[in-house]
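First comes the structure, then the notes that go with it.
The values are calculated or read from the model by the stated rules, or taken from the named source; none is laboratory data. All values reported here derive from a predicted model rather than from experimental measurement. Ideal geometry is used to build each Cβ from the backbone, glycine not excepted, and the neighbour counts take in all protein chains shown. Heads up: the accessible areas ignore ligands, DNA and RNA and are worked out on the full protein's heavy atoms, side chains in. Shrake-Rupley method; radii C 1.70, N 1.55, O 1.52, S 1.80 Å.
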Amino acid sequence: MAILLDANHSSQLNWAIAKLRAGLAIALPTETVYGLAALALDEKSLTPIFALKARPTFDPLIVHVPHSGSVEMLAQNVSPLQKRLMEKFWPGPLTILFEKKKTVPDLCTAGSAYVAIRCPANEIFLKILRELAQPLAAPSANRFGRISPTTALDVIEELGPYGLEAVVDGGPCQSGVESTVIKIQSEERVAVLRPGALSLEELKKFLGEKIELVLEPVAQGALESPGQLSSHYAPRCPLSYVPDESAYVEVLARFARENISTQDCALLEVYPPSDREWDRNLSALPWKHRVLLSKNASDQEAASALFAQLRSLDRLPVKRIVARSAAPQGLGLAINDRLKRAGVRGASPKM
Ligand code: TXA
Ligand code: MG
């Protein structure tokens, strides 16, 4: 059974550090979601990450560093724009792709010539990185294709049954959605491979008019970032994502065909319903359970509650979860991305 470690007890933290140094995978808190960490530069230490998560080896890992100075040992040809982005947004939820050096094992990058690096804004994680003096690879601490964990208990629920050794409890994660992943395509063009906790508006504001920011669409074929896999973040209960009126009509028609009553389903609302008629009608239907992520329409509040609430709904005996969308701005983009992919069936491993 996985051990819950108290981050305030230095002996417990030291135990976690010793285990990491010995090549074990330990779950750690970050400001976004909990990560399953192991020594990034030691291929043998990375193997348990893939095994515990049932993660395919074609999906590369993010490497976590204590400050931008550590990038030098992992990456080459660091550009002025990459330097400016690190200066501005680290520590914080921005993952940047760099040209990798040979020191980074191929397993870490899934054979790619690029390594994804970030500096997490979490004091516990940073302290561990500093003490270890080695970078840590850490994907979200969930089984592949499932909902990311935002509390230590969620991590134990996800990975405990599969042999996780321990999780350091740092309380609930602050932002609740994963980091924004970007690739600098040229000094004039930045691609967002995964919308996340750093909003595109903030990035745009920093990049200014002369640098184009493009959102890469969810790929169908060869993937620039496998996190773009359309099916991801899936609850066990089927989820229907309802961002607009046509999806609303389609879902109700499907429920009628399948003889499903909303009284056996749960509704997940990001904000209170808008003035649009279909939106109010959807909200007014008789639901077995309903959850509202943010009463005052704060995308920050909604993002931090999103995964925990999806997990809660997934524990309830309902036939379907119906999820409304956020306004497509700020963290709303990341929320909608996760909800849309939670509604696509297929990538989740059999539990
Ligand atoms: O907030 C976060 O980023 C969390 C915390 C734990 O740091 N980590 C996280 O890791 O979300 P993971 O493995 O669940 O998602 C990493 C994403 C995936 O979409 C992966 O495909 C992409 O980053 N990625 C990692 N390395 C890459 C690379 N070399 N090239 C392209 N995409 C990469
Ligand atoms: Mg993940």
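Here are the numbers for this structure:
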quantity	calculated
Subset of the stretch 317-351 (residues that are of a type in the set (A, V, I, L, M), modelled with pLDDT of 95 or more and open to solvent by 30 Å² or more (accessible area, probe 1.4 Å))	LEU333
Residue match in the stretch 103-116 (condition: over 27 Å from ASN14 (Cα atoms), part of a helix (DSSP H, G or I) and among the aromatic types (Phe, Trp, Tyr))	no
Boolean, VAL71 is near ligand 1 (Cβ under 9 Å from one of its atoms), at negative phi and crowded, with 21+ Cβ neighbours inside 10 Å	no
Criterion (open to solvent by 30 Å² or more (accessible area, probe 1.4 Å) and over 15 Å from LEU239 (Cβ atoms)) met by exactly one of SER294, SER261	SER261
Residue among LEU310, LEU331 that alone is within 16 Å of ligand 2 (Cβ to nearest atom) and under 18 Å from the mean Cα position of the chain (by Cα)	LEU310
Which listed residue is more than 20 Å from GLY23 (Cα to Cα) and among the aliphatic types (A, V, I, L, M), from ILE96, ILE124	ILE96
Yes/no for LEU193 being within 16 Å of ligand 2 (Cβ to nearest atom), outside any loop (DSSP other than H, G, I, E, B) and under 22 Å from LYS340 (Cα atoms)	yes
Sole residue being away from ligand 2 (no atom under 16 Å from the Cβ) and surrounded by fewer than 20 Cβ atoms within 10 Å (Cβ to Cβ), chosen from GLY170, GLY163	GLY163
Within the stretch 91-117, tally of residues that are within 15 Å of SER186 (Cβ to Cβ) and either in contact (Cβ under 8 Å) with a residue 60 or more places away in the chain or within 16 Å of ligand 2 (Cβ to nearest atom) (or both)	3
Residue in the stretch 168-182 that is in a strand (DSSP E or B), among the polar types (S, T, N, Q) and at pLDDT 95 or above present	yes
Filter pass, PRO273 being modelled with pLDDT under 95, within 21 Å of the chain's Cα centre (by Cα) and within 20 Å of VAL251 (Cβ to Cβ)	no
Filter result (open to solvent by less than 10 Å² (accessible area, probe 1.4 Å) and more than 8 Å from ligand 1 (Cβ to nearest atom)) within the stretch 137-146	ALA137, GLY145, ARG146
Which listed residue, of ALA51, ALA38, is more than 8 Å from ligand 1 (Cβ to nearest atom) and surrounded by 21 or more Cβ atoms within 10 Å (Cβ to Cβ)	ALA38
Residue in the stretch 83-93 that is open to solvent by 40 Å² or more (accessible area, probe 1.4 Å) and touching a strand residue (DSSP E or B) at 6+ places or on another chain (Cβ under 8 Å) present	no
Residues (in contact (Cβ under 8 Å) with a residue 60 or more places away in the chain and hydroxyl-bearing (Ser, Thr, Tyr)) located in the stretch 234-250	SER240, TYR241
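Residue-by-condition table, conditions (1) open to solvent by less than 10 Å² (accessible area, probe 1.4 Å); (2) more than 10 Å from ligand 1 (Cβ to nearest atom); (3) touching a strand residue (DSSP E or B) at 6+ places or on another chain (Cβ under 7 Å):
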{"position": "GLY111", "(1), (2), (3)": "no, no, no"}
{"position": "ALA116", "(1), (2), (3)": "no, no, yes"}
{"position": "PRO135", "(1), (2), (3)": "yes, yes, yes"}
{"position": "SER148", "(1), (2), (3)": "yes, no, yes"}
{"position": "ALA152", "(1), (2), (3)": "yes, yes, yes"}
